[in-house]
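The values are calculated or read from the model by the stated rules, or taken from the named source; none is laboratory data. Predicted, not measured: the structure shown is a model, and the values here were computed from it. Quick reminder, even Gly has a Cβ in these numbers, built from the backbone with ideal geometry, and neighbours come from all protein chains shown. Remember, those area values only see protein heavy atoms, side chains included, never the ligands or the DNA or RNA. Shrake-Rupley method; radii C 1.70, N 1.55, O 1.52, S 1.80 Å.
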Amino acid sequence: MSADHQTTQLDAPLSETTRTVTVVSWKTAGVLLTVTVLYALMLLAVPHSGDTRFLLSQRGDFFQIPVIVVPALVFAWVCGAVMLAVTAVAFALTARGRRTSVWLVVLYSLAGLLGFLAWAGAGSPRDLSIVGLLGGAVLWSVPFVYGALGGVIGERAGVVNIAIEAQLLGAAFTAAIVSSITNSAVAGLVAAVVAGALVALVLGVFAITYHVNQVIVGVVLNVLVVGLTSFLYSQVLVPSAETLNSTTRFQSIPIPVLSDIPVIGPVLFDQPLLIYLMFIAVPTVWYTLNRTRWGLRLRAVGEHPKAADTVGIDVVRTRYNAVLVAGAVAGLGGAFYTTVQLSQFGENMTGGAGYIALAAVIFGKWDPVRAAFAGLLFGFASNLQNVLSVVGSPVPSQFMLMIPYVVTLLAVAGLVGRSRPPAASGEPYVKG
């Protein structure tokens, strides 16, 4: 083999990698520029005067951090200048064929967020609580994180879990009834896990055993569970609301000493049981998928089921196990709605959280830790509307309701880069 031919073979993968990095970098830089322009137009079109007060401490903290008061419009423009500078650096790096650092994106996002908060809270007599913003973000992210973990587990085994919405809603409905009857939030939580697994079992029967298109099955299950829970809500829960739809909720459990740390204490160490379980679930799922034999077999089935079958792995059984575990994990997220957020079940109360969880799976590149951080991002966007309404922000409520979905679109379309799902994801396996 000639030296020129060897060089061509070695350079081909490198060139492909370079082209991929360049395309992703240009896309990221383009998104940053677009958002910067929209941010500047917002400040020019609606210039808010006055100061914004950022509250960082709560009563009972070890020490009190003074309220930070900033001139809103000046601070917002300074943050805009930082965003513009980061955008320029991103274009410069891309022009040189280098990737835009994730830390630059983090700096850009932080500057944009602080500037937007200062602009939105300008002139309000109320303090803008950073603790409330972050603590609520963790709370609101619960169904997104659990749903994303369920989606990662299913797709790593080759089954696209479109039915996350059905699992969340079915689990919330079941948890409401069981918790109301038993007067126990723990019983409702267990029932939610079972309900999520049962919905996932239906998905598995059609997708794994009968080889029906997984996307179609998932969409049908979502519509079916919405209709079924709506019917049972009006016919069963409404007439017997006091006995069947009055749940016992989990209360916050402050961890001594840690919960008194300013800012991070109330956010991380003064939460209900379901949030603490979420903190445990994320590293557990990561470890199980990457450091155990079960996880290795599951990933093998999702990447190359025929090869896995050849070495003795039962593909069908492994996929069923993964789907059931995924449904049970998503069921934990459904329990949030009726054992943490509210004391009763409401019609279609999940509001499309399952689809946002699917976006978190893609944003996280099918990695449980990254998907969990994506879920936290979407939870933050969902909670932002609540915080701004408290300080009397003039931002229309309809616009604030759009934020989680806008963040979802930006994340999936521009900031996630190139994602490669498991090779056999969505593909039925026929042994032969």
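Things worth noting here:
- Using θ = phi - 60° in the Karplus curve 6.51 cos²θ - 1.76 cosθ + 1.60, the 3J(HN,Hα) couplings for the stretch 124-129 round to 6, x, 8, 7, 8, 7 Hz; x is entered for Gly and Pro.
- For the stretch 83-118 and the stretch 275-344, distance of Cα centres in Å: 35
- Full extension of the chain between residue 67 and residue 243 yields a length gain of 58.8 nm, computed as 0.36 nm times the residue separation minus the alpha carbon distance.
- Of the peptides 339-346, 109-116, the ranking by mean beta-carbon count within 10 Å, highest at the top, reads 339-346, 109-116.
- Extension gain (nm, one decimal) between residue 390 and residue 348, 0.36 nm per residue minus Cα-Cα: 12.6 nm
- Long-range amide H partners of residue 52 with built H, under 5 Å: 70, 72, 123
- Cα radius of gyration and Dmax for the stretch 328-371 (Å): 12.2, 35
- Descending by average beta-carbon neighbour count within 10 Å, the peptides 131-139, 297-305 line up as 297-305, 131-139, the highest first.
- Distance histogram for the chain (every C-alpha pair counted, 20 angstrom bins, percent rounded to whole numbers): 23, 51, 24, 2, 0
- For residue 129, the amide hydrogen comes within under 5 Å of the amide hydrogens of 55, counting only partners 5 or more places away or on other chains and with H modelled in the peptide plane.
- Within straight-line reach of residue 365, meaning a Cα separation under 13 Å, sit the following aspartates and glutamates at least 8 residues removed in sequence or on another chain: 155.
- For the stretch 191-263: Kirkwood Rh in Å [reciprocal of mean 1/r, alpha carbons]: 15.9
- The figure for residue 349 is an accessible area of roughly 40 square angstrom, using a 1.4 Å probe on the protein chains alone.
- Once you divide the Cα radius of gyration of the stretch 125-211 by 2.2 N^0.38 Å, the number left is 1.39.
- Exposure of residue 431 as accessible area (Å², to 10), given a probe of 1.4 Å and all protein chains: 150
- Efficiency of FRET between residue 107 and residue 257 - r from beta-carbon atoms, R0 30 angstrom, step 0.05: 0.40
- Under the criterion of Cα pairs below 8 Å and six or more residues apart, the relative contact order for the chain equals 26 percent.
- Distance (nanometres) between label positions extended 7 Å along Cα→Cβ at residue 402 and residue 56: 3.3
- Cα-only radius of gyration and Dmax that characterise the stretch 272-342, units Å: 15.1, 50
- On full extension, the segment bounded by residue 96 and residue 210 gains 35.9 nm, given 0.36 nm per residue less the C-alpha separation.
- Under the span-like rule (Cα at least 30 Å along the axis, Kyte-Doolittle mean at least 0.5), DSSP H helices of the chain: 3-45, 72-95, 315-336, 368-390
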